[in-house]
Amino acid sequence: MQTILGAGGQIATELARELAREYTTELRLVSRHPVAVNATDTVVAADLTDAAQTQRAVAGSDIVYFTAGLPASTELWQTRFPSMLRHALDAASAAGAAFAYFDNTYMYPQDDRVQTEATRFAPVGPKGRVRAEMAEMVLDEMARGDIPVLVARAPEFYGPGKTQSFTNRLITERLAAGETPLVPVRDDRRRSLIWTPDASRALALLGNTPDAFGQTWHLPVSPEHPTYRTFVADAAAAFEAKDRYRVVPAWLLRAAGIVSPQAREIRELLPRYAHDNLFDSTKFAAAFPDFRITSYTEGLAEIAGERSA
């Protein structure tokens, strides 16, 4: 039995599809209000902030994937995320299950250093500190060696369906609505964006590769690393729209936080948009040379096709 904690989000949904397609139909999807993705899925309602519910949801699992997310609220992250992860790790340990932790890059330095699996944590804001605390919790469990553990880390998303990201919100969703895309801070810095179905396919592959455990992995991104200027041009072409956009300076985004809770919650990420953001996934590429990465042109064409359907 392979169990996905945090079912319902785009990563978990694509992960369930890939696991059923390539690895096993014995899947258990766990969240507060789970919905089956495949006809053979088992769904279990559980609150991951409750240790007993989490342990019951994980019992009998061989592999546990932690893909749980929370709204971009600092208070929620600080009060709930670490305990959710602690309960998940304890439940996996009690079940003797392998544990695959889906992580992000909030804890990395927000400068132009190339990000590798060896990059030291240097969180800038409170959500970054929460993610650093959580990553260290998983690494401690990995070092103990009681159960097999791996970390699968992804940079900012872009993607189809319910993908939630800064880039989707400011560029593809605005193009779909006939509005001018907005570019945060600068348009000439190179970006690292991961196509959400690629992230899920790679997570499924790692989870079903015994030798992948005991390590941190950067999930695969295209080596193109386009600037937002190039990305918007490709997106406009996919949507058959004019190639135009507006750069929103950091000061204006910070000021928007005074009146917009959503803007306030992303202010700590603004420094990364002033620099090249280069997420290196050559370790994954070397280990899995046959894994096909979706190009930005292909991904944007799929989003545009989905929006116009």
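Some observations on this one:
- Scanning the stretch 60-92 for residues that are at pLDDT 95 or above, surrounded by 15 or more Cβ atoms within 10 Å (Cβ to Cβ) and among the small types (Gly, Ala, Ser) yields SER61, ALA88, ALA91, ALA92.
- Taken together, the residues in the stretch 284-293 that are surrounded by fewer than 17 Cβ atoms within 10 Å (Cβ to Cβ) and closer than 30 Å to VAL183 by Cα amount to 2.
- Taken as a whole, the structure places ALA202 among residues that are in the same structural domain as VAL114 (by TED's automatic domain parsing) and in a helix (DSSP H, G or I).
- When we screen GLN164, GLN215 for residues that are more than 17 Å from PHE291 (Cα to Cα), under 13 Å from the mean Cα position of the chain (by Cα) and either of a type in the set (Asp, Glu) or surrounded by fewer than 18 Cβ atoms within 10 Å (Cβ to Cβ) (or both), the only hit is GLN164.
- Taking the stretch 218-230 as the range and being under 29 Å from THR180 (Cβ atoms) and crowded, with 24+ Cβ neighbours inside 10 Å as the test, the residues that pass are VAL221, TYR228.
- Condition met for GLU22 (acidic (Asp, Glu), surrounded by 23 or more Cβ atoms within 10 Å (Cβ to Cβ) and not assigned by TED's automatic domain parsing to the domain that holds ARG186): no
- Condition check for THR116: of a type outside the set (Lys, Arg), touching a residue at least 60 places away in the same chain (Cβ under 8 Å) and crowded, with 22+ Cβ neighbours inside 10 Å: no
Table: residues versus (1) among the hydroxyl-bearing types (Ser, Thr, Tyr); (2) in the same structural domain as GLU117 (by TED's automatic domain parsing); (3) modelled with pLDDT under 95; (4) not in a loop (DSSP other than H, G, I, E, B).
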site	(1), (2), (3), (4)
GLU240	no, no, yes, no
VAL259	no, no, yes, no
TYR273	yes, no, yes, yes
LYS283	no, no, no, yes
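- Residue list for the stretch 206-252, restricted to those being under 30 Å from THR24 (Cβ atoms) and of a type in the set (Gly, Ala, Ser): GLY207, ALA212, GLY214, SER222
- Taking the stretch 93-113 as the range and being assigned to a helix (DSSP H, G or I) and either modelled with pLDDT under 95 or buried (at least 17 other Cβ atoms within 10 Å of the Cβ) (or both) as the test, the residues that pass are SER93, ALA95.
- Any hit, the stretch 168-176, residues being within 21 Å of PRO271 (Cβ to Cβ), surrounded by fewer than 16 Cβ atoms within 10 Å (Cβ to Cβ), under 18 Å from the mean Cα position of the chain (by Cα) and not assigned by TED's automatic domain parsing to the domain that holds GLN78: yes
- Across the stretch 130-155, the qualifying residues are those that are in contact (Cβ under 8 Å) with a residue 60 or more places away in the chain and closer than 18 Å to PRO71 by Cα, and the one among them that is surrounded by the most Cβ atoms within 10 Å (Cβ to Cβ) is ALA154.
The values are calculated or read from the model by the stated rules, or taken from the named source; none is laboratory data. Remember, it's a predicted structure, so these values are computed and weren't measured experimentally. Every residue, glycine as well, gets a Cβ built from its backbone with ideal geometry; the counts of neighbours run over all protein chains shown.
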